[in-house]
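Chemist: Structure provided below as structure tokens; questions to follow.
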Amino acid sequence: MKTIAICNQKGGVGKTTTAVNLGIGLTRLNKKVLLVDADPQGDLTASLGWVWQDDITNTLASDMENIINDKPINITETILHHNEGVDLIPSNIELANIEALLVNAMSRENTLKTLLSEVKDSYDYIIIDCMPSLGMLTINALAAADSVIIPVQAQYLPAKGMVQLIRTITKIQRRINPTLKIDGILLTLADMRTSIAKLTIESLQGNYGSAIKIYNAIIPVTTKAAETSATGQSIYKYSKSSTAAKAYENFTKEVAENV
Ligand code: ADP
Ligand code: MG
């Protein structure tokens, strides 16, 4: 059983798209997978087809609030089942209030970990889609995770943001979760015809390649991938023969081999 956080404090780098297609990719390898939407935007929830996420009453926020207030939780009532085989703990804008509640909560870093410990035994993988910040919710995700995957957009030089993210991960390892690992960097939104994509890849390999695995699979920028999130499906179902489907399939295999 492994818990993976998909994390990068920059928005629009493909975290949610990666969570969907890694999660469903792993179910296609016969793994039991739970996806966790840890972003108040609820993009993961919407991407899986629950587009009216603000109408959902049982969410990650309601369960985390119950834990903070020492109330009983019934997580099986929260978990939604997607028709491609993954399960989901959904989120909506209510989760924004939890960020503030956590600040004054006891064992505030471990609330999500406590919640997930209730269901861990039922899954091979739990994949947490993080929000674009390094606040309390992301700290909770990193505290609950065995490892982190960092999607990086292959369209600009991401050096600065990476330093900050790695510093946060190191801090979490030192203070809260000593066994947390960085599984690897996934290059996303890559347009290999451009020199900036090649430069980004070279720069990442130069700066981090010796310390952090950079996945061989590189996710290309394609309209098929962009369209998928509006369909409530994975890229495998929406556009099976697309280059993005093939890339996500290869990436999923690399993740599954690394246990
Ligand atoms: P994040 O979760 O990091 O904010 P998303 O996964 O939501 O990133 O992706 C940001 C936007 O880019 C979304 O509109 C998404 O549909 C689109 N997108 C993601 N991956 C690709 C891709 N490989 N090619 C083209 N568009 C993509
Ligand atoms: Mg997202």
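Chemist: Residue pairs, Cβ under 6 Å, 6 or more apart or interchain, first in region 126-152 and over 13 Å from Leu95 (Cβ atoms), second part of a loop (DSSP other than H, G, I, E, B) and away from ligand 1 (no atom under 14 Å from the Cβ). List them.
Modeler: Within 6 Å, the pairs are Ala143/Ile176; Ala143/Asn177.
Per-residue answers, yes or no, for (1) open to solvent by less than 30 Å² (accessible area, probe 1.4 Å); (2) touching a Phe, Trp or Tyr at 6+ places or on another chain (Cβ under 7 Å); (3) of a type in the set (D, E, K, R):
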{"residue": "Arg28", "(1), (2), (3)": "no, yes, yes"}
{"residue": "Lys32", "(1), (2), (3)": "no, yes, yes"}
{"residue": "Ala38", "(1), (2), (3)": "yes, no, no"}
{"residue": "Thr45", "(1), (2), (3)": "yes, no, no"}
{"residue": "Leu48", "(1), (2), (3)": "yes, no, no"}
{"residue": "Trp52", "(1), (2), (3)": "no, no, no"}
{"residue": "Ile56", "(1), (2), (3)": "no, yes, no"}
{"residue": "Leu60", "(1), (2), (3)": "yes, no, no"}
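Chemist: Across region 134-146, what is the number of residues that are at pLDDT below 95 and among the small types (Gly, Ala, Ser)?
Modeler: 1
Chemist: I would also like to ask the following. Could you check region 7-52 and list, in sequence order, the residues that are assigned to a helix (DSSP H, G or I) and within 11 Å of ligand 2 (Cβ to nearest atom)?
Modeler: Correct list: Lys15, Thr16, Thr17, Thr18, Ala19, Val20, Asp43, Leu44, Thr45, Ala46, Ser47.
Chemist: Take residues that are within 16 Å of ligand 2 (Cβ to nearest atom) and open to solvent by less than 20 Å² (accessible area, probe 1.4 Å) and tell me which of the helices (runs of 4 or more DSSP H) falling wholly in region 195-259 contain 1 or more.
Modeler: The helices (runs of 4 or more DSSP H) meeting that bar are 223-228, 235-238, 243-257.
Chemist: Taking Ala100 and the conditions (1) touching a strand residue (DSSP E or B) at 6+ places or on another chain (Cβ under 8 Å); (2) surrounded by fewer than 19 Cβ atoms within 10 Å (Cβ to Cβ); (3) of a type in the set (A, V, I, L, M), which numbered condition does it fall short on, given that it satisfies the others?
Modeler: (1)
Chemist: Out of region 147-169, which residues are modelled with pLDDT under 95 and open to solvent by less than 60 Å² (accessible area, probe 1.4 Å)?
Modeler: Initially, region 147-169 is screened for residues modelled with pLDDT under 95, giving 152-168.
Within region 147-169, Val152, Gln153, Ala154, Pro158, Ala159, Gly161, Met162, Leu165, Ile166, Thr168 qualify.
So that you can scan it fast, the table gives a plain yes or no per residue for (1) more than 21 Å from Gly161 (Cβ to Cβ); (2) among the hydroxyl-bearing types (Ser, Thr, Tyr); (3) in contact with a His (Cβ under 7 Å, 6 or more places away or on another chain):
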residue: Pro178; (1), (2), (3): yes, no, no
residue: Ile185; (1), (2), (3): no, no, no
residue: Thr194; (1), (2), (3): no, yes, no
residue: Ile201; (1), (2), (3): no, no, no
residue: Tyr215; (1), (2), (3): no, yes, no
residue: Glu249; (1), (2), (3): yes, no, no
residue: Glu254; (1), (2), (3): yes, no, no
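Chemist: Okay, next question. Given the conditions (1) under 22 Å from Ala245 (Cβ atoms); (2) within 14 Å of ligand 1 (Cβ to nearest atom), and given that Lys10 satisfies all but one, which numbered condition is not satisfied?
Modeler: Going through (1) under 22 Å from Ala245 (Cβ atoms); (2) within 14 Å of ligand 1 (Cβ to nearest atom) one by one, Lys10 breaks only (1).
Chemist: Do you know which residues across region 103-120 are more than 17 Å from Arg175 (Cα to Cα) and either part of a helix (DSSP H, G or I) or open to solvent by less than 70 Å² (accessible area, probe 1.4 Å) (or both)?
Modeler: Those that are more than 17 Å from Arg175 (Cα to Cα) and either part of a helix (DSSP H, G or I) or open to solvent by less than 70 Å² (accessible area, probe 1.4 Å) (or both): Ala105, Thr114, Leu115, Leu116, Ser117, Val119, Lys120.
Chemist: Right, next: Of all residues in region 142-159 being among the small types (Gly, Ala, Ser) and in contact with a helix residue (DSSP H, G or I) (Cβ under 6 Å, 6 or more places away or on another chain), which is farthest from ligand 2 (Cβ to nearest atom)?
Modeler: The qualifying residue farthest from ligand 2 (Cβ to nearest atom) is Ala143.
Conditions (1) acidic (Asp, Glu); (2) under 22 Å from Leu44 (Cβ atoms), marked per residue:
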| site | (1), (2) |
| --- | --- |
| Pro178 | no, no |
| Leu199 | no, no |
| Leu204 | no, no |
| Asn207 | no, no |
| Asn216 | no, no |
| Ala226 | no, yes |
| Tyr238 | no, yes |
| Glu249 | yes, yes |
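Chemist: Among the residues of region 124-140, count how many are under 19 Å from Leu44 (Cα atoms), not in a helix (DSSP H, G or I) and not aliphatic (A, V, I, L, M).
Modeler: Looking only at that region, the number is 6.
The values are calculated or read from the model by the stated rules, or taken from the named source; none is laboratory data. The structure displayed is predicted, hence computed values, not measured ones. Counting neighbours? That spans all protein chains shown, and the Cβs are built from the backbone with ideal geometry, glycine included. For the accessible areas, the whole protein counts, side chains as well, though only heavy atoms, and no ligand, DNA or RNA atoms are used. Shrake-Rupley method; radii C 1.70, N 1.55, O 1.52, S 1.80 Å.
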